[in-house]
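K.L.:
What follows is a single structure, and I will ask about it in a moment.
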């Protein structure tokens, strides 16, 4: 009757290899690959079918052992230093590392089991002790301080503060929506036209405080031209734009009917 072996008995293919090495009392630095590979494959064939993801790890190791077994039958390879390479070397290093970590895990488990039986009393100090603060002697603290050192400390603090300031965003002011209607701007133009019967478009723009104001001013100029209240003239290309008031601003009507829409 075949012996059924569960994968849960081993933590991985390296664990199974160590089991076979210990079982056969083999020197880990001189593994008889032919023997170990045959026994390993016997264990693989006897294993119960479990999760394919877990089973694949054991199959990969089996393929590795068979590869090493084949390389052992061939003439030894020689490295750059003229020394023969042992096909088992990489496998031996992996087994040694695994054995070391496995031993450490057992040690940690023993410590955890041992610590489970220890209980510690919480710290209980009188309130007077907890509130105690060691007295500070200002004279002792300032005995080596000079005006030069104080200035150096101050300058260092100021430099750290400056590095925290965003050179771009720190210049931003408070952003608020500027409410201005075309009707209000045309009434403003009417008041300005009463005092200035002829003026340049540039001088009008210089009176505006924002880009929005300039845009609405430009729209109001277009509306007043359409209504026939002003005349705009430019003698040369890119020359000064002159605006002339054609009639009495007091006769301007329907200026409040415009909206920003």
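Bear in mind that the values in this text are calculations on the coordinates, not laboratory data. Being a predicted model, the structure only gives us computed values, none of them experimental. As a convention, Cβ positions derive from the backbone with ideal geometry for all residues, glycine included, and neighbour counts pool all protein chains shown.
K.L.:
How do the peptides 141-153, 110-122, 90-102, 31-43 rank, highest first, by the average count of neighbouring beta carbon atoms within 10 Å per residue?
P.N.:
31-43, 90-102, 141-153, 110-122
K.L.:
Another question, if that's okay. Compute the Cα gyration tensor for segment 182-257, then decide on rounded, prolate or oblate, letting a ≥ b ≥ c be the square roots of its eigenvalues: rounded whenever a/c is under 1.5, prolate when a/b is larger than b/c in the other cases, and oblate in all that remain. Let's see the in-between values first.
P.N.:
On the way: a/c = 1.69, a/b = 1.18, b/c = 1.43.
Oblate.
K.L.:
Here's something else I'd like to know. Measuring from the lowest to the highest alpha carbon on each principal axis, how far does segment 7-114 reach, largest first, in angstroms?
P.N.:
Computed over segment 7-114, the largest-to-smallest principal extents equal 52, 33, 25 Å.
K.L.:
What ranking do 180, 26 get, fewest neighbouring Cβ atoms within 10 angstrom at the top?
P.N.:
Ordered by Cβ neighbours within 10 Å, fewest first: 26, 180.
K.L.:
Let me check the size of segment 73-129 from its C-alpha atoms; what are the radius of gyration and Dmax in Å?
P.N.:
Calculated on Cα positions, Rg and Dmax stand at 25.7, 82 Å.
K.L.:
Give me 86, 233 sorted ascending by neighbouring Cβ count inside 10 Å, so fewest comes first.
P.N.:
233, 86
K.L.:
Among 201, 106, rank each residue by its count of other Cβ atoms within 10 Å, from fewest to most, as a rough exposure measure.
P.N.:
Going from sparsest to densest Cβ surroundings: 106, 201.
K.L.:
Next question, about the same structure. Classify segment 84-165 as rounded, prolate or oblate, taking a ≥ b ≥ c as the square roots of the eigenvalues of its Cα gyration tensor: rounded when a/c is under 1.5, otherwise prolate if a/b is larger than b/c and oblate if not.
P.N.:
Verdict is oblate for segment 84-165.
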